[in-house]
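As C-alpha cells, the structure follows; a few thoughts come after it.
Quick note: the coordinates plus some simple rules give every number you see, no bench work behind them. Everything numeric here is computed off the predicted structure, so don't read it as measured data. Glycine gets a Cβ as well: all are built from the backbone with ideal geometry, and neighbour counts include every protein chain shown.
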Amino acid sequence: VFAAGDPAVKVAGEAGSALDADRLRTFYGLDRPILLQYWTWLAGFAGGDMGRSIYFDTPVAPVLLKAFGVTLRIGALGIVFALALGVPLGIAAAWKPDALLDRVASAVALLGQAIPTFWLALMLVVVFSVQFNLLPASGLDSWRGYVMPTVVLGLYSTPGLLRLTRSGMLEVLSSDYLRTARAMGIALKTILFKYALRNAILPVVSLAAAQFGYILAGSVVVETVFAIDGAGRLAWQSILRSDLAMVQALIVCFSALYI
C-alpha cells in the first residue's frame, strides 16, 4: 500500500496493463517487504548509491545534484539579501529607539513576518512581470530571473535577523564601556561598527545559519511559483509522481543541510 499511490501504476500509465505494473514493481523492488526495501535503500545510500528514479529512469544522484545547485544559489542570495536588509535596519533602529527609522524597521519586520511567501511571489509576478514587464515571471535564464525569488526568500528571513540585531545592539550600546566611549567623543562609526556590532553580531550569525535552513525548506513554494527547476520543485513533483527513490534522497539531503 502506497500513501501517495502505486508508483508502478503511475509509470505504466493509463495504457499499461496490470501485468506491466507487476513487472515494474519487480524491476524496482517494490514487491518486496517494506523493511527489506528500506534496508536495501539504506545500505546503498551509505555506499553512495541514492537509487534509481522511477520517473526519470536514471540514477537519482545527477538529477539531485543539479537541482540542489539551483536551490543553494537562490538560497544563498536570499540569506545575503536578508542580512543586507535586516542588519543595517537593526543597527539604525537600535541607535535611535522609537525614532522614524525604528518605526520603519518595525514595519518591515511586521510585514516580512505576516505576508505569506506564495502571496508575495504571486504579487511580484503580477506587478513586475505582467504589469510592467520588467522581470521574467519564471526561470533563471538571466540575472533578472533571480531578483524576485531572492526578494521573496530574503524577506522571509529578514524579521528575525532585524529584531535580533536591534536587541543585541541595544544591549551592547547600554553597556558602561560604550557610554564611556561616547563621552570621550569617539566617532559614531567606530562605536557602532568596531565596538557594538562586533559583540552583537554573534547571535545574528547563528540565527542566519538556521534561517538558511528555513529558506531551503521554503524553496518548495518559491520554486513552484517561479517555475524554477530546483530541489524544492523537484521534491513537490516527485511526491506527485510517487518517485520514492527521489523523495527519499531529497528528504535526507534537506535534513543533512539543515542540521
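Here the ratio of the Cα radius of gyration of segment 29-180 to 2.2 N^0.38 Å is 1.53. For the pair segment 111-129 / segment 179-193, the C-alpha centres are spaced 40 Å from each other. Straight Cα distances below 13 angstrom link residue 66 to the aspartates and glutamates 229, with same-chain residues fewer than 8 positions distant left out. A simple packing score, the average count of other Cβ atoms within 10 Å per residue, orders the peptides 183-194, 149-160, 217-228 as 149-160, 217-228, 183-194, with the highest score first.
Proximity of backbone amide H atoms, modeled 1.01 Å from N, is registered between residue 228 and 139 at under 5 Å, excluding neighbours fewer than 5 places apart on the same chain.
Considering only 257, 29, 18, the residue lying farthest towards the positive end of the dipole of the chain is 257, judged by Cα position with unit charges set on Cβ. Taking the dipole about the Cα centre of segment 120-221, with the C-beta of Lys and Arg at +1 and of Asp and Glu at -1, give me whichever of 152, 205, 193 is farthest to the positive side. Looking along the dipole axis, the top candidate is 193. According to the Kirkwood relation over distinct C-alpha pairs, the hydrodynamic radius of segment 104-182 is 14.8 Å.
Starting at 0 and stepping by 5 Å, how many percent of the alpha carbon pairs of the chain end up in each bin? Final binned percentages: 1, 6, 11, 13, 12, 11, 10, 9, 8, 6, 4, 3, 2, 1, 1, 0, 0, 0. The H on the amide N of residue 52, modeled in the peptide plane, is under 5 Å from the matching H of 60, each at least 5 residues off or on a different chain. Relative to the Cα centre, the charge distribution of segment 64-162, modelled as +1 at Lys and Arg Cβ and -1 at Asp and Glu Cβ, gives a dipole magnitude of about 160 debye. Rounded to the nearest 20, the Cβ-based charge dipole of the chain about its Cα centre (Lys and Arg +1, Asp and Glu -1) stands at 1040 debye. Relative to the compact-globule estimate of 2.2 N^0.38 Å, the Cα radius of gyration of segment 195-259 comes out at 1.46. Descending by average beta-carbon neighbour count within 10 Å, the peptides 78-88, 109-119, 20-30 line up as 78-88, 20-30, 109-119, the highest first. Here residue 194 is the anchor, and the aspartates and glutamates within straight C-alpha reach of less than 20 Å, apart from those fewer than 8 places off in the same chain, are 171, 176.
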